[in-house]
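Chemist: Next up is a structure, given as structure tokens.
The values are calculated or read from the model by the stated rules, or taken from the named source; none is laboratory data. A quick note: this is a predicted structure, and the numbers were derived from the prediction, not measured. Please note: Cβ atoms are built from the backbone with ideal geometry, for glycine as well, and neighbour counts cover all protein chains shown.
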Amino acid sequence: MEIVDLSDGYVSTYLSCLEDWSEEMREAGDHKAHWYDKMKDRGLRVKLALDEDRRAVGMIQYLPIEESIALGQDLFMVLCIWVHGYRQGVGNHQGRGIGSALLAAAEEDARDLGAKGVAAWGVTLPFWMRSSWFKKHGYETAERAEGRELVWKRFTHDAEAPRWISSGPIPQPVTGQVTMSSFLSGWCPAMNLVHERAKRAAAELGPPVVFVSVDTSEPAAMRQHGHTDAVFLDGKPLQRGAPPSYDAIKKRTSKHVRRVKRS
Ligand SMILES: CC(C)(COP(=O)(O)OP(=O)(O)OC[C@H]1O[C@@H](n2cnc3c(N)ncnc32)[C@H](O)[C@@H]1OP(=O)(O)O)[C@@H](O)C(=O)NCCC(=O)NCCS
């Protein structure tokens with residue numbers, strides 16, 4: 001196994017989070033590609049773990065916190081670390097130290113770039129990327145909010161802890177219509193997938209469903225709206241865990257449509 005920087009030949013596999021085989025990745029659209037085009041010149045760093053056949057089996061992406069989903073100074077923020085864990089494609093490579101090697105390589109790189117520390121995030125429930133994994137690697141809690149935990153490791157004494165951006169107002173229901181509001185930054189295909197499914201459901205159901213999309217790919221926009229990636233249906237979050245299926249989104253939205261039509 002070797003840790004390398006992202007190079008041109010691996011960009012498409014990186015954009016699909018190493019899941020070139022996945023139909024869902026295609027369904028998630030090209031939002032990550034647009035985000036990557038913007039952020040690659042603004043300090044985004046990507047490292048890949050290659051196996052002996054030079055297939056990408058793990059990745060870590062991190063960027064200056066000032067360009068990220070959290071607030072802080074002179075830190076790098078790990079947006080995502082992922083070691084391929086499915087049977088399909090390159091197969092399951094988790095639990096063999098690849099994640100630890102990727103994190104160590106990113107930390108070393110951040111130090112070399114003059115960062116005062118590294119921040120990361122995870123969930124506090126036992127699914128997805130748990131923040132506990134970073135804590136095993138010496139990270140401390142900076143802040144917790146709604147099941148998500150922001151963690152960090154300082155390199156210098158004068159480093160300041162990162163913070164979550166303050167939550168902004170949730171778009172409220174509008175009489176006579178069903179409102180789907182999607183805040184989308186583009187960096188995460190799982191979030192992009194929910195956005196695309198919601199947009200498709202809204203288009204298929206038609207009026208009174210109104211789909212409103214807010215571009216939060218610029219950190220200033222995230223901070224202004226107080227949301228990075230989230231879809232709200234009449235003021236309620238559409239997602240509370242893994243991405244809901246298209247059918248589940250359409251069914252839930254249809255209920256709102258019936259309610260509006262009855263009133
Ligand atoms: C967490 C992760 C990066 C670790 O990489 P890895 O190569 O499997 O890890 P290592 O071999 O270095 O370490 C293994 C440890 O990670 C733990 N681990 C595995 N998946 C985990 C997860 N999702 N959260 C927390 N810990 C996890 C294992 O239990 C093991 O713990 P142990 O050392 O106490 O036995 C990897 O397992 C992974 O990608 N998991 C899925 C995370 C995810 O959903 N990411 C979001 C993608 S968008």
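Chemist: Quick check on segment 147-159: of everything there that is exposed (fewer than 15 other Cβ atoms within 10 Å of the Cβ) and touching a residue at least 12 places away in the same chain (Cβ under 8 Å), which residue is nearest to the chain's Cα centre (by Cα)?
Modeler: Of everything passing the filter in segment 147-159, G147 is nearest to the chain's Cα centre (by Cα).
Chemist: I need the full set of residues from segment 113-130 which are at pLDDT 95 or above, more than 8 Å from the ligand (Cβ to nearest atom) and crowded, with 16+ Cβ neighbours inside 10 Å, in order please.
Modeler: Once the filter is applied, which keeps residues that are at pLDDT 95 or above, more than 8 Å from the ligand (Cβ to nearest atom) and crowded, with 16+ Cβ neighbours inside 10 Å, segment 113-130 yields A115, K116, G117, V118, A119, A120, W121.
Chemist: If a residue must be crowded, with 18+ Cβ neighbours inside 10 Å, closer than 19 Å to P169 by Cβ and free of Cβ contacts under 8 Å to residues at least 40 places away in the same chain, how many such residues does segment 191-250 contain?
Modeler: The total comes to 2.
Chemist: Further, regarding this structure: Take the residues in segment 238-258 that are over 18 Å from E24 (Cα atoms), at pLDDT 95 or above and of a type outside the set (S, T, Y); name whichever of them is farthest from the chain's Cα centre (by Cα).
Modeler: The qualifying residue farthest from the chain's Cα centre (by Cα) is R258.
Quick grid of which residues meet (1) of a type outside the set (S, T, N, Q); (2) within 18 Å of W35 (Cα to Cα); (3) not assigned by TED's automatic domain parsing to the domain that holds E146:
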{"position": "P208", "(1), (2), (3)": "yes, no, yes"}
{"position": "Q224", "(1), (2), (3)": "no, no, yes"}
{"position": "A230", "(1), (2), (3)": "yes, yes, yes"}
{"position": "R240", "(1), (2), (3)": "yes, no, yes"}
{"position": "A248", "(1), (2), (3)": "yes, no, yes"}
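Chemist: Go through (1) on the phi > 0 side of the Ramachandran plot; (2) modelled with pLDDT of 95 or more one by one and return the number of the condition C188 breaks.
Modeler: If we test C188 against (1) on the phi > 0 side of the Ramachandran plot; (2) modelled with pLDDT of 95 or more, just (1) comes out false.
Chemist: Ok, one more. How about segment 56-112: which of its residues are within 13 Å of the ligand (Cβ to nearest atom), surrounded by fewer than 20 Cβ atoms within 10 Å (Cβ to Cβ) and of a type in the set (S, T, N, Q)?
Modeler: The answer is N92, Q94, S100.
Chemist: Mind checking whether some residue in segment 151-158 is modelled with pLDDT under 95 and outside any loop (DSSP other than H, G, I, E, B)?
Modeler: For segment 151-158, residues modelled with pLDDT under 95 and outside any loop (DSSP other than H, G, I, E, B): absent.
Chemist: Something else now. Does any residue in segment 88-104 that is under 12 Å from M59 (Cβ atoms) come within less than 8 Å, Cβ to Cβ, of a residue that is within 7 Å of the ligand (Cβ to nearest atom) and among the hydrophobic types (A, V, I, L, M, F, W, C) six or more places away or on a different chain, and which pairs are these?
Modeler: These pairs meet every condition: H93/V83; I98/V83; G99/I81; G99/V83; G99/W133; L102/I81; L102/V83; L103/I81.
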